[in-house]
1. Taking a virtual spin label 7 Å from the Cα of Arg105 along the C-beta vector, which residues in region 154-184 bring their backbone nitrogen under 15 Å of it?
2. Which of Arg153, Arg98, Arg36 moves most in a GNM of the chain, Cα contacts under 10 Å?
3. Where the only charges are on Cβ atoms (+1 Lys, Arg; -1 Asp, Glu), what is the dipole of the chain about its Cα centre, to the nearest 20 debye?
4. How far, in nm, would the chain grow between Leu155 and Phe122 when pulled straight, counting 0.36 nm per residue and subtracting the alpha carbon separation?
5. Only Cα pairs within less than 10 Å get springs; with that Gaussian network setup on the chain, which residue of Leu115, Leu175, Leu100 has the largest fluctuation?
6. Under a no-solvent Debye model with one identical scatterer per Cα of the chain, what's log10 I(q)/I(0) at q = 0.09, 0.12, 0.14 Å⁻¹?
7. Which is farthest toward the positive dipole end of region 9-193 among Leu81, Leu163, Ile192, measuring Cα position about the Cα centre, with Cβ charges +1 (Lys, Arg) and -1 (Asp, Glu)?
8. Toward the positive end of the charge dipole of the chain, about the Cα centre and with charges on Cβ (Lys, Arg +1; Asp, Glu -1), which of Ile150, Gly124, Phe94 goes farthest?
Amino acid sequence: MLESAPQPLDFTARMRAICVDMTQRLDELAHIDMNRVAVCFCQARKRVRHGIFASLTPLRFQGGQTTTVRRGRTMAIQRMLDREGREMLYLLSFYVPRFLDLDLREKLITIVHELWHISPHFNGDIRRHEGRCYAHTGSQKQYDAAMDVIAQRWLAEEPPEHLWGFLASSFDDLLVRHGRIVGIKVRRPRLIPLPGR
C-alpha cells in the first residue's frame, strides 16, 4: 500500500489561528480584530539565533492618522486590502526559519510580544508607553518577562493542542513531517508622497 504524501504546513494559517485564539481568551488582547491584521512570513536571510523573529508593522500613523508630514511633504502608507476588500490596520510578520528554531516558550512570548504592540484603540497605531522607549518601555527584558506571564496564562486556559502543538517542533522537524512549509508572503507597504504641499 502506497503511503500518502505529507501535507504541507500552512504556516500563516496556523499562526493566524493561534492569534485569534489568544485574542478570544486573553483580556489584554481582546481589543484586537484579527480580521484586520494581515499575517505573513518572511524568509530570514541567515539562520542564526540572533536577529528579528517577528515584527508588527502599523499601517497608520500616531493616533491612527492616515497621513503624516515628513520633511515638509504629506505622506500616506500604501493601503493593504484582503480578498473581501477590508483594509488591514496591521501587518504581522514571522521570520522563518529563525522563528521556528526558537523553543516553544520563546515562540509564545514572541507572538504575545507582537500582539501587545497593537494599540488598545485598535486604530492602526502601536501601543505607546511613556518616555523615549515608547515601544518597549525602558527595558526589553522586563517587557518580555511580562509577555511570558501572559503567554503562560494563555496555555493555562488549555487551548487545544492541535492548535499550537506544531510550535513545539523545530523548522527541520516540521519540514521532515510536512515536506513543505507554505504560507502568505506580503511585500511591506511603502510610504507614498501625496500631491500638493
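1. 154-156, 168
2. Greatest mean-square fluctuation among the candidates belongs to Arg153.
3. Approximately 1440 debye in magnitude.
4. 9.4 nm
5. Looking only at Leu115, Leu175, Leu100, the largest GNM fluctuation is found for Leu175.
6. For the requested q values the scattering log ratios are -0.37, -0.65, -0.87.
7. It is Ile192.
8. Gly124
Coordinate-derived values only; no laboratory data. Keep in mind it's a predicted model, so treat the numbers as computed, not measured. Here the Cβ is made from the backbone with ideal geometry for all residues, glycine too, and neighbour counts use every protein chain on show.
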